[in-house]
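Since the structure comes first, as structure tokens, the remarks are kept for the end.
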Amino acid sequence: MALRKALAESKRNFRLALLPVVLPIVYRTAHRFLTRRKEELDGSDPSVSGNKHLRIVKKLYNVLPALLSSPLFILLPEAIRVQVALYFLSTALYNFARLKARPQVKFEDDHDSKDNWRDYLPPVWTVSMLANTCLLWSFIFEPHAFPETYHDGFIEHCRRYLPISRTLEDVRRILNNTDHAKSIWSSPHNYLVCEVLHPTEVSCRKNFLSAFKEEANRFAPWAAGATAVSMLFSGRFQFGKRSFTTIVFDFVSSAFRGTTYLSGSVTTIWAISCVLQRILPVSKFSKTRWIINSSLSSMWILLLSRGRQVAISLFQFRLAVYSVWKIYKSRGGRSIKYVFRL
């Protein structure tokens, strides 16, 4: 048994080591072959280069090597392969939809200039809003689809709203089935959901402020470290080109915004439910209101810089796509074979 386990681990390590060796070889070989073929077509007779297949090679010779080498990712374990595939998907979609510089228009009445359809795309933070909606929905109503890697960490940062005194399955059952009615007369809470989410603290406002403070204290060191590393590698710690005051202010501002974003996002998701109970009609929008929760709690991302908004939105997009895919599969959806391998 131990020998079989050791052989399986050795095989896995061998496949992991083989990919970075074989992938560049296959890619470069295919690229050189197609480049030479394109050069031959450029210098050939027009009647020959007019062949349909040859025109495809001529147009896509920069893309075909990547397509030909991508099946090698089957060497990776399934969990890593899925993450790599989602990373490529999100990066490709972002680069395709990213705003491009429009040519300068000399005169305002120049009708020859054409609008770029990318100018009308919504801002990148809307991706974060939609992704958070999918993730919160899966956490409450489809827990099997929530990313397992981040399940325990998410719960750990929600202890003010997901207390240990009540099991997570019980909380999900109540949130899933409740009509958000008022609590029974013997309870100090006015609403059942408040009693479930923060049973020891009657005041919704005090519970939110306490939760925000606790999470800010926990996230602050991490945000400061991440900001320092980011500034170091981005060259913002150049004391010769920037004044000491500017660098310190930049560091404090980035760390503060990162801490506020993390603390606000994880606590507002649950705190808004206390507010909506007092606004929305009883027994109405019992599930839809969680979409409002996640959408409003995602607004904290506006505190971050454009670059961090993009990075976080794409990261959440990858998690959400995988969760939606698992929900789709659990409901009998058909899949394309090796969809995450290629």
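Taken together, the values in this text are just the output of simple stated rules run on the coordinates, not laboratory data. Fair warning: this is a prediction, and the values are worked out from it, not measured in the lab. Positions of Cβ are backbone-derived with ideal geometry, glycine not excepted, and every protein chain shown enters the neighbour counts.
Quick notes on this structure:
- Taking θ as phi - 60° and the Karplus parameters 6.51, -1.76 and 1.60, the scalar couplings of the stretch 211-220 work out to 5, 4, 5, 4, 5, 5, 5, 7, 7, 4 Hz in sequence order, x denoting glycine and proline.
- A simple packing score, the average count of other Cβ atoms within 10 Å per residue, orders the peptides 124-134, 224-234 as 124-134, 224-234, with the highest score first.
- Over 19 Å [Cα-Cα, the stretch 136-275], rounded percent: 60 percent
- In summary, the convex hull built on the alpha carbon positions of the stretch 186-342 has an orientation-averaged projected area of 14.1 nm².
- Subset of Lys213/Lys329; Lys206/Lys284; Lys287/Lys326 violating a 29 Å alpha-carbon distance limit: Lys213/Lys329
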